[in-house]
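Structure, as C-alpha cells:
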Amino acid sequence: MELKSKRNRTIVLAGLGVYLLVFLVDFSWTRIAGITLGVQRIVMILYALLYFHYILTKMQVQNILIHAMFWISAGAIVHAAGTLFVFLFVKVTLGDLSSNGSYGLYIQIVRAFTAFFYVVLIISFWLRRREFRMVEHMTV
C-alpha cells in the first residue's frame, strides 16, 4: 500500500499509537491481555479495509481474484473478525484461566481461524509467485 498520502500515514500511525497505548495500559504477565488482542484485531481489520479502499480507488488491479494482496487482506479480515470477540470479552468467554475452566472450544475457534489464515497466506504466496512470473514474461 502506498503511504505517500498524509491521510494514509496518519491512519496507520494513529492505529499504531492506539495499539501501543492500550498495550502499555493493559499488559500483564499473569493473564491474557484480552483488550490488547481485541484492539489489535480491530486495527488489523482497519488496515485491511484501508488497503481495499486503496485498490478500489487506484483501479490498477485487473482481476482481484488472482491478486495476492487481496487474499492476504481478506484472510486478515476473516481471521481478525473471527477471533475478535473471543479476545475482546476474554473474561466472559474464557473465564478464569487459573481454574480448570473449560475454554477448549474458544481455543479451537482461534486455532481454526488461524489455520484458515495460514491457508489463505499459502494461496497468496502462490499467486504472488504467479504475478512475478507474469511480469517477467511481459518485460522480456
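The values are calculated or read from the model by the stated rules, or taken from the named source; none is laboratory data. This one's a predicted model, so the numbers in the text were calculated from it and none came from an experiment. Counting neighbours? That spans all protein chains shown, and the Cβs are built from the backbone with ideal geometry, glycine included. Surface accessibility is based on the protein's heavy atoms, side chains included, excluding ligands, DNA and RNA. Shrake-Rupley method; radii C 1.70, N 1.55, O 1.52, S 1.80 Å.
Rounded to a whole number, what % of the accessible area of the stretch 40-92 do carbon and sulfur atoms account for, probe 1.4 Å? All intermediate terms of the calculation are to be shown ahead of the outcome.
Details: 2200 of 2980 Å².
Percent of accessible area from carbon and sulfur atoms in the stretch 40-92: 74.
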Inter-probe distance in nm under a simple model that places probes 7 Å from Cα toward Cβ, at LEU16 and MET59: 3.2
How charged is the neighbourhood of ALA68? Take every other residue with its Cβ under 15 Å from the Cβ of ALA68, and add Lys/Arg as +1 and Asp/Glu as -1. +3
How much net charge surrounds GLY15 when only other residues with a Cβ under 14 Å from its Cβ are counted (Lys, Arg +1; Asp, Glu -1)? +3
Length-normalised contact order for the stretch 35-86 - Cα pairs under 8 Å, 6+ apart - percent: 58
